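S.K.: Okay, handing you the structure first.
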Amino acid sequence: MFKKILIANRGEIAMRVIRTCKEMGIKTVAVYSTADRDSLHVRFADEAVCIGPPSSTDSYLKIPNIIAAAEITNADAIHPGYGFLSENAKFSKICAEHGIKFIGASPEMIDRMGDKATAKATMKKAGVPTVPGSEGILASLADAKKTAAKIGYPVMMKATAGGGGKGMRAIWKEEELEKAWESARQEAKAAFGNDGMYMEKLIEEPRHIEIQIVGDSTGKACHLSERDCSVQRRHQKLTEETPSPFMTDELREAMGNAAVKAAEYIKYEGAGTIEFLVDKHRNFYFMEMNTRIQVEHPITEQVIDYDLIREQIKVAAGIPISGRNYFPKLHSIECRINAEDPYNDFRPSPGKITTFHAPGGHGVRLDTNVYAGYVIPPYYDSMIAKLITTAQTREEAINKMKRALDEFVIEGIKTTIPFHRQLMDHPDYLEGNYTTKFMEGFTMK
Ligand code: MV4
């Protein structure tokens, strides 16, 4: 087992990893930028190394500085968290070259799943349902036109180096195709340095339902059931829940088995998430695979009483998984609390937190790195806390979330607490009747 793990991240996920390491008797090293000098993860780790100035490019994304921090502290593994370098194949490779265990996917796996057209072709070979569409990358505009005519409009054009909606265009009729082709490729080239595009039948009003999987070094994989992440705004998840209100036992069985089949086919090691699009007829289709721990992992932990970070560390240390699948025994909801103003287009609201009163009580979990007096820096992601409630039923979990949100006091900055409180009263949300289109019709009262 590792003796010392460096956490190459910040904020709540750094705290999350440090907590499990402490429980496992593993020493921890925090890395921080000069803007994060007073951050909680710096204080809770056994050691801390400053790796640069505030900008992420010069600190949390600066591979030489992170490797140097691991070398000088003699860390034998690095946990990348999510975001930053968590799905950076070059970083995974450099860790391996320095004899430091990257607690994440191999460089080959990251590249294979990071290229969306390749990931999709791989899943299709594994026998996982995929959306009907082009065989790989579109060769030209003429090829795109021919493919769209074959699939039948509406179609969705996507950047192979993309993900999270960047470089994606919905095309409803042929007249729109050329403009979409040019603009999407330009956007993809600028964002990813790769303008490869592929095309699929457009799935109307889909749900985003993802399956958590864990694979080990013996080639075995298991699933830990689903998370419904359909409530998103501009491809940013706002709240997630498990079980999905749209799920049936048959659908869970089919999606879980497909996810395990995929993980074992690619010999996936570690924690991963397979994202599916689910249409109104409950047909499900592979969308993307994430080779990292996800922000929303706590709701899965809550309903099956499982520590996903612990499992990641054990698998990375070569310890085999039990192999059984896990099904939700409870209901859990996560609300992402961001330093943003929901009354002003969710614009960022950094600054000093003058009052902080955390909710608590039975079935309430708060994963956060902020406290009264903490100054939220403007350089990083705006999420400051994840409020998670868990209960026997969805209705009880919602009522608990309402009560916890009402208890949650943060002053000095604006937050998305009022948005979540209003969401918990929304008739369609209460009915579990929502798709990825839900936020298009939502306005703050
Ligand atoms: C789709 C789709 C409809 N049809 N693909 C959004 C980002 C990336 N995860 C893929 N996405 C979508 N792909 C087909 N063939 C609709 C979306 C989509 C979406 C998916 C999940 C969660 C939120 C979304 C918001 C807009 C569009």
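The values are calculated or read from the model by the stated rules, or taken from the named source; none is laboratory data. All figures in this text were calculated on a predicted structure; none of them were measured in a lab. No Cβ is skipped: glycine too gets one built from the backbone with ideal geometry, and neighbour counts run over all protein chains shown. Note: accessible area is taken over every heavy atom of the protein model, side chains too, but ligands, DNA and RNA are not part of it. Shrake-Rupley method; radii C 1.70, N 1.55, O 1.52, S 1.80 Å.
S.K.: Which lysines, on any chain, are close to K402 with Cα under 21 Å apart, when same-chain ones fewer than 8 places away are left out?
M.R.: List returned: K237, K386, K414, K445.
S.K.: Quick one: grab the alpha carbon gyration tensor of the range 207-441, order the square roots of its eigenvalues as a ≥ b ≥ c, and give me rounded if a/c is under 1.5, else prolate or oblate depending on whether a/b is larger than b/c.
M.R.: Judged from the Cα gyration tensor, the range 207-441 comes out prolate (a/c at least 1.5, a/b above b/c).
S.K.: On to the next question. Between the DSSP loop rule and a limit of at most 16 other Cβ atoms within 10 Å, which trypsin sites (Lys or Arg not before Pro) in the range 111-197 are left?
M.R.: The qualifying sites are K173.
S.K.: Further question on the same structure: So if each residue of separation counts as 0.36 nm, and I subtract the Cα-Cα distance between V409 and E440, what length gain in nm does that give?
M.R.: This chain segment gains 8.4 nm when fully extended.
S.K.: Can you give me the relative contact order of the chain as a percent, contacts being Cα pairs under 8 Å and 6 or more apart?
M.R.: 14
S.K.: For T355, tell me the accessible area in Å² from a 1.4 Å probe, rounded to the nearest 10.
M.R.: 50
S.K.: Can you give me the distance in nm between label points at E182 and A149, each placed 7 Å from the Cα along the Cα-to-Cβ direction?
M.R.: The two pseudo-label positions are separated by 2.1 nm.
S.K.: If you don't mind, another one. Can you give me the accessible area per residue for the chain, using a 1.4 Å probe, in Å²?
M.R.: With all protein chains present, the chain gives 41 Å² per residue.
S.K.: Which number do you get for Rg(Cα) / (2.2 N^0.38 Å) in the range 377-438?
M.R.: Rg over 2.2 N^0.38 Å, computed on Cα atoms: 1.27.
S.K.: Another question, then. Rounded if a/c is under 1.5, else prolate if a/b is larger than b/c, else oblate: which is the chain, with a ≥ b ≥ c the root eigenvalues of its Cα gyration tensor?
M.R.: Rounded, since a/c falls under 1.5.
S.K.: OK, next. Can you return the lysines within cross-link range of K101? Criterion is Cα-Cα under 19 Å, with same-chain partners fewer than 8 residues away left out.
M.R.: K3, K4, K22, K27, K62, K90, K93, K267, K314
S.K.: To the nearest 500 deg cm²/dmol, what mean residue ellipticity at 222 nm is calculated for the chain from DSSP H runs of n ≥ 4 alone, each contributing -39,500 (n - 2.57), summed and divided by the residues?
M.R.: Estimated from H runs of four or more residues: -9500 deg cm²/dmol.
S.K.: Would you give the gap between the C-alpha center of the range 381-439 and the C-alpha center of the range 340-373, rounded to a whole Å?
M.R.: If you average the Cα positions of each part, the centres end up 13 Å apart.
S.K.: Kindly identify the range 1-78 as rounded, prolate or oblate by the Cα gyration tensor criterion: order the square roots of the eigenvalues as a ≥ b ≥ c, call it rounded if a/c is under 1.5, otherwise compare a/b with b/c, prolate if a/b is larger, else oblate.
M.R.: Oblate is the answer for the range 1-78, as a/c is 1.5 or above yet b/c matches or exceeds a/b.
S.K.: Report, to one decimal in Å, the Kirkwood hydrodynamic radius for the range 270-408 based on all distinct Cα pairs.
M.R.: 17.5
S.K.: Could I ask something else about it? Roughly how many percent of the accessible protein surface of the range 241-394 is carbon and sulfur, given a 1.4 Å probe and a whole-percent answer?
M.R.: Looking at the range 241-394 in its full context, I get 48 percent from C and S.
S.K.: Counting other C-beta atoms within 10 Å, and keeping those with at most 12, which DSSP coil trypsin sites (Lys or Arg not before Pro) do you find in the range 1-73?
M.R.: In loop regions of the range 1-73 (DSSP not H, G, I, E or B), the sparsely surrounded trypsin sites (Lys or Arg not before Pro) are K3, R37.
S.K.: Sticking with this structure for a sec: Taking the Cα centre of each part, how many Å lie between the range 263-325 and the range 140-205?
M.R.: 29
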